[in-house]
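First up is the structure itself, then whatever we jot down about it.
The values are calculated or read from the model by the stated rules, or taken from the named source; none is laboratory data. As the structure is a prediction and not an experimental result, all values here were calculated from the model. Here the Cβ positions follow ideal geometry from the backbone for every residue, glycine too, while neighbour counts run over all protein chains shown. Protein only, heavy atoms only, side chains kept; ligands, DNA and RNA dropped before computing areas. Shrake-Rupley method; radii C 1.70, N 1.55, O 1.52, S 1.80 Å.
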Amino acid sequence: MSKQTKGTPWFVKGDTNGFFGLFSNVLTNFLAAIGLLAAINMPTDILYGKIVPGTAVAVGLGGIIFAIQARRKSLQIGKEDMTAMPYGLSVPHYFIVAFGVILPVYAATNDWVIAWSTGIAWNLVQGIIMTLGAFVGPYIQKYIPRSALLGSLAGIALTFIAMNPMGEIFSTPYIGLLTLVIVLGGWIAHKKLPGNIPAGLLAIIIGMTLAWVTGYMDFSAVQEAASGFRIAFPSVAIGHLIEGFAYLSPFLAAAIPLAIYDFLESLDNIESAEVEGDKYPTTQSLLVPGLLTIFGSFLGSPYPTIIYIGHPGWKKAGARVGYSLATGVGVMLIAFIGLMPLVMSVIPLVALLPILVYIAMTIGTQAYTTADPKHVPAMILGLMPFIASYVILQVDNALTAAGLSASEIGFNVLKDNGVYYEGWSTLGASDILVSMMLITIVIYLIEKKYKVAAIYSLITAVLSFFGFIHAGAFGFGTGSEAALGYVAMAAGLLFLNYYKHPDERHE
C-alpha cells in the first residue's frame, strides 16, 4: 500500500519569519498610502471610517486566498514546500491616486466626498482592466522570454524596492545596518540565532529596542496615534462610485497604462514563483488582484492591489502558507480596530526596511542566475527604464519641495546641467513594459533572429504611438517620437538580417 503524500502544512516554523517580513511590508505600504491622504488633510471620517476598512478587506482577502491556493495546489501535486505568493497594495498607485486624482478633484470642487468618490471610481477602472489582463497574461508568458519577465522584476527591485530603504538605512546606520546584517545573516547565511528566534523578528526587536533607548523614537507620536483610536468596518459605497464617474474623464487616459502596469507586474511575479518551483495557474492568479481591486472600490478603497514581488525571498526564508494567511487576517484586524497608526509609532521604520533590501537582493539573484548568460546584456539594458523613472521621481520630488517644476526651470537648462529630464521621462514612462520589450528585442538580436526582433520593435512602436509606453497619457500619437525610433530600430534589424558581409559564413 503506497504512502499518502501530504501537502504543505498550514503553518511551519519559517512562516514566523515570513509573517514578520510580509506583514511589516504590507502594513508599511498601507500606512504610507493613508499617510499621503492624511497629509493632504482628507477628513478622518472618510480616511479611517471608509478607506481604511475597505482597503483592508481587499488586501486581507488576497492574502487569505493565496494561502488557500498554495495549500490546495500542494495537496493536488503532493508538494510539501509550496510558498504562497505575496500580495498587497500597488506601491506607485497610492502616490498617483492621492496627488494625481483625489487632490486635483478636491481643488476643483472643494468637496472631499466628491474627491474620494472619484478616487474609488478610478480604482474600479483599474480593477476592470486588470481583470481583463488576467486572460491576456498566458499569451504574454508564451511570447515574451522568461528573461524579459524576470529582468524587469530586477529593475523594480533595484530601484523602487531597494533604493529608498537603503537611503533610510544609511540615514540611521547604527540601527539600519545592524538590523540588515541580522536579516542577511539569518536568511542568506542561514546562521542559527539565539533561541532559534526568526531573523526577521530578532531584527525588529533589536531595532525597536535601540530606537527607543537612544531616543530615536518619540513617545508623543505614540500618544497621538492612541488618541486617534476608532473601530471601523467596511461599508458599501456604490452611490459614491456612481457620483465619482461624473468627474473621472480627465484621469482615464492615465488609468489604462497604469492598470496594464499592475497586471504585468503581477504576471512577472507569477513567473518568478514558477522559476522557484511553485507553478500557479496564470489566469486564476491574476484574477485575484483584479477582482479584489473591483471589490475594494465597491467598499470605498481607491487603491489597486497586486501580486507582490518577493516570492523567492520568502521561500528561501522558510515561509510557506501560514505567513500569507496570517498577514491577511492581521491586516484586517489591525485596520478594523484602528491600530494601524499605533503599530508604526512603536516600531521604527528603519528596523523593517532591511527586509525589503533582502527581497530586492533575492529577486536580482534569481533573475541573473536563471538567465542564459548571453542574455544578461539585454537584461542590463532592461534596468535602465526603471533607473530613469526612479531618477525622474526624485527630481520631481526635489523640485516640488522647492516649489518648482521641471517645466518652470526649463528642460534645456536642466539638460545643460546634465539632467536629461525629457529623455529620461520618455524612457521611464510605463517602465515595466518598456523594460520587457527592450529585453525581448535585444534577446532575439543576440540570438541573431533579426526578423523576430524587428517584429517586436514594430509592436513596441505601436505601443508607443498610442501612449501605452513612453508617454504620460494614453491616446492617438501621444508617443509618436518614440514610435518613430522603434520603426527605425526595426529597419536596422532588417538590414542586419539581409546584409551578408563577404567574410560571413552562410548559416
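Return the pairs, sorted by first residue and then second, in which the second residue is open to solvent by 70 Å² or more (accessible area, probe 1.4 Å), the first residue lies in the range 186-199 and is within 15 Å of K316 (Cα to Cα), the beta carbons are less than 7 Å apart, and the residues are 6+ apart or on different chains. Every condition considered, the pairs that remain are W187/K316.
Can you confirm whether the range 179-201 contains a residue that is open to solvent by 40 Å² or more (accessible area, probe 1.4 Å), within 30 Å of L264 (Cβ to Cβ), aliphatic (A, V, I, L, M) and at pLDDT below 90? For the range 179-201, residues open to solvent by 40 Å² or more (accessible area, probe 1.4 Å), within 30 Å of L264 (Cβ to Cβ), aliphatic (A, V, I, L, M) and at pLDDT below 90: present.
Out of S389, S435, S425, I need the residue that is at negative phi, assigned to a helix (DSSP H, G or I) and open to solvent by 40 Å² or more (accessible area, probe 1.4 Å). Which one? Within the list S389, S435, S425, the selection yields S425. In the range 3-13, is there at least one residue being open to solvent by less than 30 Å² (accessible area, probe 1.4 Å), of a type outside the set (A, V, I, L, M) and outside any helix (DSSP H, G or I)? Checking the range 3-13: at least one residue is open to solvent by less than 30 Å² (accessible area, probe 1.4 Å), of a type outside the set (A, V, I, L, M) and outside any helix (DSSP H, G or I).
For (1) in a loop (DSSP other than H, G, I, E, B); (2) among the hydroxyl-bearing types (S, T, Y); (3) more than 25 Å from A199 (Cβ to Cβ); (4) open to solvent by less than 50 Å² (accessible area, probe 1.4 Å), each residue gets a yes or a no:
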| position | (1), (2), (3), (4) |
| --- | --- |
| G21 | no, no, no, yes |
| N41 | yes, no, yes, no |
| G63 | no, no, no, yes |
| I68 | no, no, yes, no |
| Q76 | no, no, yes, no |
| D81 | yes, no, no, no |
| A84 | yes, no, no, yes |
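The single condition among (1) assigned to a loop (DSSP other than H, G, I, E, B); (2) open to solvent by 20 Å² or more (accessible area, probe 1.4 Å) that T209 does not satisfy is (1).
Kindly check whether there is at least one residue in the range 349-358 that is within 30 Å of A115 (Cβ to Cβ) and in contact (Cβ under 8 Å) with a residue 40 or more places away in the chain. Yes; the residues of the range 349-358 include at least one that is within 30 Å of A115 (Cβ to Cβ) and in contact (Cβ under 8 Å) with a residue 40 or more places away in the chain. Is it true that L484 is open to solvent by 80 Å² or more (accessible area, probe 1.4 Å), touching a residue at least 12 places away in the same chain (Cβ under 8 Å) and either under 17 Å from K449 (Cβ atoms) or part of a helix (DSSP H, G or I) (or both)? Considered against the rule, which asks whether it is open to solvent by 80 Å² or more (accessible area, probe 1.4 Å), touching a residue at least 12 places away in the same chain (Cβ under 8 Å) and either under 17 Å from K449 (Cβ atoms) or part of a helix (DSSP H, G or I) (or both), L484 comes out as yes. When the residues of the range 326-375 are filtered to those that are under 20 Å from the mean Cα position of the chain (by Cα) and open to solvent by 40 Å² or more (accessible area, probe 1.4 Å), the one that is farthest from G185 (Cα to Cα) is Y368. Scan the range 243-258 and give yes if some residue there is of a type in the set (G, A, S), closer than 30 Å to E80 by Cα and either open to solvent by 30 Å² or more (accessible area, probe 1.4 Å) or not in a helix (DSSP H, G or I) (or both), otherwise no. Checked the range 243-258: no residue is of a type in the set (G, A, S), closer than 30 Å to E80 by Cα and either open to solvent by 30 Å² or more (accessible area, probe 1.4 Å) or not in a helix (DSSP H, G or I) (or both).
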